[in-house]
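A.B. asks: My questions all concern the structure below.
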Amino acid sequence: MNMKRRTALKSLSVALGGLVSLPAWATQWTPESIGLTPQSTAADDALLADIVETIIPETTTPGAKALNVHRFVQRMINDCYGEPVQQTFQQGLLKTDELAQQAYGKAFTACDKKQRTDLLLKMAASAEPAEKQFADLVKGLTIRGYTNSEYYMVNVLKYNMAPGYFHGCVPVSSLTPVSAK
């Protein structure tokens, strides 16, 4: 009996520890719940906002920029990834603007939708590992941030915190008797 209790307590403590260690802002997040990233400049913020908007544009539903997914991406990079990925991210932002200047003679934020899309597709298919890593990282985090946003969870998925309902008052006459054999 004591062994089962110890095992149950160990399992419960591991489950509780895992639940506590999960960042609360990572699911059903809002821009207010994740706050601003202090390391980010206004130019980087605007550039990243346009990148995520290119990945998930506004249609009949809000796009990634309107939902501030770029803040989610920045927070994930700063809080959940190590120094090498953070450097790849910063270099990728610089490279995105540099490639836009080379290809179109203007900054990425000044490019039209088609030019932005073409540029990001070229980066994703690039033979340069840093460009490809940046494009894949931002795309993955944009999709994760959009699909975990409060807007998406409530309005698209119709998320219920506790699925199923308890109906405590059921007439006894509606229950079918069990036949005894």
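The values are calculated or read from the model by the stated rules, or taken from the named source; none is laboratory data. Since the structure is predicted, the reported quantities are computational estimates derived from the model, not experimental observations. In this analysis, Cβ positions are derived from the backbone assuming ideal geometry, glycine residues included, and neighbour counts consider all displayed protein chains. Heavy atoms of the whole protein, side chains included, go into the accessibility calculation; ligands, DNA and RNA do not. Shrake-Rupley method; radii C 1.70, N 1.55, O 1.52, S 1.80 Å.
A.B. asks: Given R₀ = 30 Å, what would the calculated FRET efficiency be for N155 paired with A130, taking r from the Cβ atoms and rounding to 0.05?
C.D. replies: 0.25
A.B. asks: Could you pull out every one of the lysines with an alpha carbon less than 20 Å from that of K65, ignoring same-chain neighbours closer than 8 positions?
C.D. replies: K113, K114, K139
A.B. asks: Separate question: Using only the Cα atoms of region 45-135, build the gyration tensor, take square roots of its eigenvalues as a ≥ b ≥ c, and label the shape rounded, prolate or oblate: rounded if a/c is under 1.5, else prolate if a/b is larger than b/c, else oblate.
C.D. replies: Oblate, since a/c reaches 1.5 and b/c is not below a/b.
A.B. asks: Taking the full set of protein chains and a 1.4 angstrom probe, give the accessible area of C169 in square angstrom, rounded to the nearest 10.
C.D. replies: 130
A.B. asks: Here is a further query. For the ranges 66-76, 97-107, what's the packing order if you count other beta-carbon atoms within 10 Å of each residue, average per peptide, and put the highest first?
C.D. replies: Packing proxy ranking, top to bottom: 66-76, 97-107.
A.B. asks: Still on this structure, I have one more. Please state the shape class of region 103-148: rounded when a/c is under 1.5, otherwise prolate if a/b exceeds b/c and oblate if not, all from the C-alpha gyration tensor.
C.D. replies: It comes out oblate by the Cα gyration axes.
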